[in-house]
Amino acid sequence: MGYPGSCHDIRVLQLSSLSLCAEEGSLFCGPPVTLPFGVKTNGYLVADNGYHPAEWMVVPYGGINQSVEQERFDNKQKVARGAVENAFGRLKGMWHMFLRTHKTNLETLPQQFTAVCILHILLIDAGIPFDENLLWEVDGNGVRRRVDLGIDELLQPVSMLTSTREALSLRHALAERMKQK
């Protein structure tokens, strides 16, 4: 929050306190979990292949000639990311102030986002359903079309040369754990 849409996601992450906390080891403070192959983690984020693999961020394998395990992992990881994208889509649809044309004050945008998330949760808790009609609008020509939520960006592949051994070990261990379940 707080960066213009033209700023790439990786750059926003690099400038964020989230990245700083993750690199310092203070992002995830829970007890460690031991995964297959003796890999230990106390938390991680799930990201698309537009990000660099890190000890705290798991990206898909990607590629064409995947093993069955890699394909299973990528599919399950994609489903998890899709749930997050859908949540943001619903949030943007219900609160149109977060669509591109309404971002006017970047200085207070993070506070606005927090307030809207709180209101959104209150509506959910009160049992007020999401109105799917909010995802549609009528353009200047009177044509009804789906609202552009700005979440359909193409993925930017990242070179595996920047991967750390620990990040790849975490992803491999998670894929192995999925195979066992």
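General remarks:
- Estimated distance in nm for a label pair at Gln111 and Thr34, the labels positioned 7 Å out from Cα along Cα-to-Cβ: 4.9 nm
- By the rule of a C-alpha distance below 15 Å, with chain neighbours fewer than 8 residues away ignored, the aspartates and glutamates paired with Lys40 are Glu55, Glu166, Glu176.
- Once the Cα-Cα distance is subtracted from the 0.36 nm per residue extended length, the Glu132 to Ser26 segment shows a gain of 34.3 nm.
Throughout, read-outs are computed from the coordinates displayed, never taken from laboratory work. All values reported here derive from a predicted model rather than from experimental measurement. Don't worry about glycine lacking a Cβ; one is built from the backbone with ideal geometry, like all the others, and counts go over all protein chains shown.
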